[in-house]
1. Calculated from the structure, Rg/Rh (Cα atoms, Kirkwood Rh) equals which of [x] 0.97; [y] 1.31; [z] 0.94?
2. Given Cβ point charges of +1 (Lys, Arg) and -1 (Asp, Glu) and nothing else, what value in debye, to the nearest 20, does the dipole of the range 67-118 about its Cα centre take?
3. Could you work out the per residue convex hull volume over the alpha carbons of the range 109-207, in cubic angstrom?
4. What is the sum of charges around Ala155, taking Lys and Arg as +1, Asp and Glu as -1, for the other residues whose C-beta is under 13 Å from the C-beta of Ala155?
5. Spelling out what I want: for every residue of the range 149-165, take phi, set θ = phi - 60°, compute 6.51 cos²θ - 1.76 cosθ + 1.60 (Karplus), and round to whole Hz; glycine and proline get x.
6. If you bin every alpha carbon distance in the range 20-124 into 10 Å steps from zero, what whole percent lands in each bin?
7. Report, ordered by chain and residue number, the aspartates and glutamates lying within cross-link reach of Lys159, taken as a straight Cα distance under 17 Å and ignoring same-chain residues fewer than 8 apart.
8. Only four residue types carry charge here, +1 at the Cβ of Lys and Arg and -1 at the Cβ of Asp and Glu. Report the dipole size of the chain about the Cα centre in Debye, rounded to the nearest 20.
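Derivation of every value follows stated rules applied to the coordinates shown; laboratory data play no part. The model shown is predicted, which means the values in this text are computed figures rather than measured ones. We place every Cβ from the backbone using ideal geometry, glycine too, and count neighbours over all the protein chains shown.
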Amino acid sequence: MKVLPVLISASLLLSGCASLSKNECLNADWMMIGYEDALHGQSLDRIGLHRKACADHGITPNLQSYKHGYAEGLSGFCTSRNGYNKGLTGYTYNGICQGEMEHQFLSGYDAGRDIYLATSELNSAKREIETINRKLNSLESQITSQEKKLFSTSASQNKRRELYENIQDLKSELESLELKREQLYDEKYQLQDHLIFLQNKYHDYNSQY
């Protein structure tokens with residue numbers, strides 16, 4: 001199958017809810033629009049959005065040209081390499097590839113998706129550790145401040161009792177957070193090992209392209 005050249009103009013890079021203007025409908029290259037829609041992972045139903053947009057201007061899309069371009073665009077989209085790259089970005093596959101092309105696409109997509117999910121879990125653990133570290137720093141500052149007040153000669157006995165109880169509560173919270181942080185560090189190291197394992201497992205997807 002002959003593949004159309006990738007000449008993507010800004011006016012044709014459409015989002016899911018975008019519609020064509022009157023000028024775009026009048027001057028549309030429906031084969032190229034179909035090609036680009038497929039290349040960007042849009043379903044064939046997208047022609048319905050174009051039909052609706054152009055109907056407002058009394059223009060009907062050339063369905064045959066669109067489908068022809070779409071079919072050629074699929075040959076560029078439904079590859080193992082593109083599947084892998086899409087999986088890495090967290091792209092949600094909508095089932096537009098068929099038959100052997102889908103098998104090729106999914107072989108790469110599943111690999112990329114595995115790495116994406118592992119990376120997301122690792123980043124989530126790192127963010128949680130950073131959040132806990134900020135809380136720990138805040139608690140340590142509060143404890144230091146409360147201890148200075150506790151040992152102040154101007155503090156009454158009742159005030160010191162109150163400060164002492166506050167300090168114990170803060171220290172208890174700090175110990176709990178330190179334990180949670182330790183558990184998260186263990187989880188982070190496990191996730192790092194898992195990610196390295198997956199990157200090595202799917203090394204061919206990076207080396208062969």
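1. [y]
2. The dipole magnitude comes to about 140 debye.
3. Taking only Cα atoms, the range 109-207 has a hull volume of 82 Å³ per residue.
4. +3
5. Coupling constants for the range 149-165: 5, 4, 8, 6, 5, 8, 7, 6, 5, 5, 5, 5, 4, 5, 5, 4, 5 Hz.
6. Histogram of Cα-Cα distances, whole percents per bin: 16, 37, 25, 17, 5, 0.
7. Glu147, Asp169
8. 560 debye
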